[in-house]
Amino acid sequence: GQSLEQPSEVTAVEGAIVQINCTYQTSGFYGLSWYQQHDGGAPTFLSYNGLDGLEETGRFSSFLSRSDSYGYLLLQELQMKDSASYFCAGGWGSASKIIFGSGTRLSIRP
Amino acid sequence: GAVVSQHPSWVICKSGTSVKIECRSLDFQATTMFWYRQFPKQSLMLMATSNEGSKATYEQGVEKDKFLINHASLTLSTLTVTSAHPEDSSFYICSADNPGTSGGASNEQFFGPGTRLTVL
């Protein structure tokens, strides 16, 4: 099957760094994306890893290790507006179809 | 960027009626669109892949006769929930990729704002 697992909730302090992990099943997998979703809103794209290693985009970085079937999203200099749900999403088979992970709700304290 | 719209943003209907949700790509052509359903505090579940000019591809467990998908043009896909029941109440979201902006390399999907369906 195709599934991606994430911790359900993570809490962090404003200004700190937080890492959200994602593990997945491997058959036919070709890339890992990360999306942010605020309550009641649509998911917005954050990052993509097609190859192993680290991708950095401003305060957000994402990492992929195919050999470990594992990836993570790293958020630095946390701001209150970063409180949201974060989803990893894997691509299998077709070039554009993606399957979403279970999602992690990030809560940030002042 | 690539903009995707959905209409309506919310709808309330009686049990047994059918509801149509439209998904439009406003500034690009989308040969493929995707329909998701999301229950409160849960993840997005892919329901089907909508292909312009051909039949939709449904994910396992999704009833194709219940959720009718039509993708008649390069900018419009519709999802019709037939004979809706309270358990169909959910947040329905569509998405599309735009090879013109992502180049197919980032796998970025552009999402519509979603449609909240409530079936009484």
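The values are calculated or read from the model by the stated rules, or taken from the named source; none is laboratory data. Because the structure is a prediction, the values reported are computed rather than measured. Glycine also receives a Cβ, built like all others from the backbone with ideal geometry; neighbour counts cover every protein chain displayed.
Per-residue answers, yes or no, for (1) in a loop (DSSP other than H, G, I, E, B); (2) in contact (Cβ under 8 Å) with a residue 24 or more places away in the chain; (3) in contact with a strand residue (DSSP E or B) (Cβ under 7 Å, 6 or more places away or on another chain):
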residue: B:6; (1), (2), (3): no, yes, yes
residue: B:17; (1), (2), (3): yes, yes, no
residue: B:20; (1), (2), (3): no, yes, yes
residue: B:24; (1), (2), (3): no, yes, yes
residue: B:29; (1), (2), (3): yes, yes, no
residue: B:35; (1), (2), (3): no, yes, yes
residue: B:42; (1), (2), (3): yes, no, no
residue: B:49; (1), (2), (3): no, no, yes
residue: B:54; (1), (2), (3): yes, no, no
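Out of A:50, A:103, one residue alone is under 16 Å from residue B:46 (Cβ atoms), within 12 Å of chain B (Cβ to nearest Cβ), surrounded by 13 or more Cβ atoms within 10 Å (Cβ to Cβ) and not hydroxyl-bearing (Ser, Thr, Tyr). It is A:103. Number of residues in the stretch A:19-35 that are within 11 Å of the chain's Cα centre (by Cα) and surrounded by 20 or more Cβ atoms within 10 Å (Cβ to Cβ) equals 6.
Out of curiosity, is residue A:15 more than 23 Å from residue B:47 (Cβ to Cβ) and part of a loop (DSSP other than H, G, I, E, B)? Answer is yes for this residue. Among all positions in the stretch B:8-21, there is no residue which is more than 15 Å from residue B:116 (Cα to Cα) and touching a Leu at 6+ places or on another chain (Cβ under 6 Å). Among the residues of this structure, residue B:72 does not count as one that is within 21 Å of residue B:16 (Cβ to Cβ) and either of a type in the set (A, V, I, L, M, F, W, C) or surrounded by fewer than 15 Cβ atoms within 10 Å (Cβ to Cβ) (or both).
Hey, does the stretch B:69-82 have a residue that's without any contact (Cβ under 8 Å) to a residue 40 or more places away in the chain and either within 22 Å of residue B:119 (Cβ to Cβ) or of a type in the set (D, E, K, R) (or both)?
Taking every residue of the stretch B:69-82 in turn, at least one turns out to be without any contact (Cβ under 8 Å) to a residue 40 or more places away in the chain and either within 22 Å of residue B:119 (Cβ to Cβ) or of a type in the set (D, E, K, R) (or both).
Would you say residue B:78 is away from chain A (no Cβ under 14 Å), under 13 Å from the mean Cα position of the chain (by Cα) and part of a strand (DSSP E or B)? Against the criterion (away from chain A (no Cβ under 14 Å), under 13 Å from the mean Cα position of the chain (by Cα) and part of a strand (DSSP E or B)), residue B:78 qualifies.
Summed over the stretch A:24-42, residues that are touching a strand residue (DSSP E or B) at 6+ places or on another chain (Cβ under 7 Å) and either at pLDDT 95 or above or not in a strand (DSSP E or B) (or both) total 7. The set of residues from the stretch B:100-120 being surrounded by 15 or more Cβ atoms within 10 Å (Cβ to Cβ), more than 7 Å from chain A (Cβ to nearest Cβ) and modelled with pLDDT under 95 comprises B:102, B:110.
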